[in-house]
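A short worksheet on the structure shown next.
The values are calculated or read from the model by the stated rules, or taken from the named source; none is laboratory data. If you're wondering where the values come from, they're calculated on a predicted model, not measured in any experiment. In this analysis, Cβ positions are derived from the backbone assuming ideal geometry, glycine residues included, and neighbour counts consider all displayed protein chains. Please note that ligands, DNA and RNA were not included when accessible areas were found on the heavy atoms of the full protein model with its side chains. Shrake-Rupley method; radii C 1.70, N 1.55, O 1.52, S 1.80 Å.
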Amino acid sequence: MSDADLLFKALADPGRRKLLDRLHAHDGQTLGELCQHLDMTRQGVTQHLALLEAANLVAVQWRGREKLHFLNPVPLQAIYERWIRKFEQPRLKALHDLKRRLEKDGKD
Amino acid sequence: MNAANRSRFVYVTFIRTTPEKLWAALTDPQFIRQYWFDMTIECDWKKGSPWKMSHSDGTVTDVGEILEIEPQRRMVIHWQHEWKPELKAEGPSRCTMELEPAGSAVKLTITHEIDRPESKLIAAVSGGWPSILSNLKSLLETGEIALVSHPRH
């Protein structure tokens with residue numbers, strides 16, 4: 001599976017997106033801390049974290065025997081550049097032109 | 001120190017290159033300027049040496065010192081912000097860059113931390129790194145950068 005496939009697959013699950021939101025709110029959490037606020041089993045959270053780590057959306061660091069999870073937004077920047085930025089410019093211009101034309105019509 | 005009294009981010013990217021080329025990209029000022037939004041870095045990359053970053057107009061934004069350096073593997077920079085007063089007031093931070101071979105790529109990990117909770121400095125620098133790393137990756141892999149201007153400018 002390509003890097004992009006792993007990334008989109010990781011993002012396709014609401015539970016995994018929730019985990020990313022939890023890390024965004026408070027970065028560097030342990031598995032135990034992440035489990036506290038989620039209605040998922042510990043095993044479920046472990047599996048989701050493994051997929052997020054494989055997609056490089058979560059980076060891990062050890063503090064003694066504790067494994068800390070950090071949100072890694074670098075692959076999201078790649079999605080933004082590949083899938084959003086190149087499309088948004090022409091569309092924003094089209095919307096802007098439409099708005100101008102409609103507002104001009106209104107004045108006539 | 002307890003994690004709650006510290007602010008830190010950890011960013012990771014995998015770049016299809018060699019540790020030699022990536023290390024050169026991280027230490028050559030001409031190369032750095034291309035992916036780091038025209039910032040100038042001055043350093044001779046030796047342990048204990050001063051490190052300085054400035055805008056293209058000469059305004060110094062950050063200064064520091066090389067705390068640890070192991071070519072092609074790891075460097076730790078003592079990083080003091082100088083430009084914005086509220087960020088300067090937070091005092092020194094630490095930026096660690098680690099390179100690890102990962103198959104046909106190199107895993108680059110950037111950790112930036114400061115011994116205070118809710119750091120504005122860490123929030124500010126964390127916003128810039130994804131674009132810088134994305135530019136660095138595309139420059140090394142394709143010879144071109146994706147973003148020409150800093151998104152905040």
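If you sort the three axes of the alpha carbon gyration tensor as a ≥ b ≥ c, you get a/c of 1.5 or more for region B:74-143 and a/b above b/c, which makes it prolate.
Normalised size of the protein assembly as shown, defined as Cα radius of gyration per 2.2 N^0.38 Å with N residues, equals 1.12. Here is the P(r) of chain B: all C-alpha pair distances, binned every 10 Å from 0, give 11, 41, 39, 10, 0 in whole percents.
Take each residue in A:77-83, count the other chain C-beta atoms within 10 Å of its C-beta, and the mean is 5. What the Cβ-Cβ distance of A:Trp62 and B:Thr59 gives, at R0 = 45 Å and to the nearest 0.05, is a FRET efficiency of 0.75. Which net charge results when you count Lys and Arg as +1 and Asp and Glu as -1 among the other residues whose beta-carbon is under 13 Å from that of B:Leu67? So the surrounding residues net to 0. When A:Glu81, B:Glu118 are compared by accessible area at a 1.4 angstrom probe, the order from most to least is B:Glu118, A:Glu81. Among the protein heavy atoms of region B:12-153, carbon and sulfur supply 51% of the accessible surface, probe 1.4 Å, non-protein parts ignored.
Taking square-rooted eigenvalues a ≥ b ≥ c of the alpha carbon gyration tensor, is region B:15-55 rounded, prolate or oblate, where a/c under 1.5 means rounded and, failing that, a/b exceeding b/c means prolate? The shape class here is oblate. Each label was represented as a point 7 Å from its Cα along the Cα-to-Cβ direction; for A:Gln47 and B:Asp28 these points are 4.7 nm apart.
Other protein chain C-beta atoms within 10 Å of residue C-beta, averaged over B:9-18: 5.
Per residue, chain B exposes 49 Å² of solvent-accessible protein surface, assessed with a 1.4 angstrom probe and all protein chains in place.
One compactness figure for chain A is 1.53, namely its Cα radius of gyration divided by 2.2 N^0.38 Å. Calculated [222 nm] ellipticity per residue, helices only, for chain B: -8500 deg cm²/dmol; basis is -39500 (n - 2.57) per DSSP H run with n ≥ 4, divided by all residues, nearest 500. Take chain A with all the other protein chains still there, run a 1.4 Å probe, and you get 68 Å² of accessible area per residue.
Here the protein assembly as shown is assigned +1 on the Cβ of each Lys and Arg and -1 on the Cβ of each Asp and Glu. Its dipole about the Cα centre then comes out at about 560 debye. For chain B, a Gaussian network of Cα nodes joined below 10 Å ranks B:Glu86, B:Glu65, B:Glu100 by mean-square fluctuation, and the top entry is B:Glu86. Please name which of A:Ala94, A:Cys35, A:His48 has its Cα lying farthest along the dipole of chain A towards the positive end, using unit charges on Cβ (Lys, Arg +1; Asp, Glu -1) and the Cα centre as origin. Positive-end residue among those listed: A:Ala94.
Couplings 3J(HN,Hα) for region A:12-28, derived from phi with the Karplus relation 6.51 cos²θ - 1.76 cosθ + 1.60 (θ = phi - 60°), are 6, 10, x, x, 6, 5, 5, 4, 5, 4, 4, 6, 5, 5, 8, 7, x Hz, where x marks Gly and Pro.
Axis angle, to the nearest 10 degrees, between helix B:120-142 and the longest C-alpha principal axis of chain B: 10 degrees. Extension gain, B:Thr142-B:Glu20: 0.36 nm per intervening residue step, less the Cα-Cα distance, totals 42.2 nm. For the segment A:59-71, counting C-beta atoms of other chains within 10 Å of every residue's C-beta and taking the mean gives 2. Couplings 3J(HN,Hα) for region A:59-75, derived from phi with the Karplus relation 6.51 cos²θ - 1.76 cosθ + 1.60 (θ = phi - 60°), are 10, 10, 9, 9, 10, x, 9, 8, 9, 9, 10, 10, 5, 10, x, 4, x Hz, where x marks Gly and Pro. Think of region B:3-142 as a dipole: +1 on every Lys or Arg Cβ, -1 on every Asp or Glu Cβ, centred on the Cα centre; then among B:Pro50, B:Asn5, B:Ala105, B:Ala105 lies furthest on the positive end.
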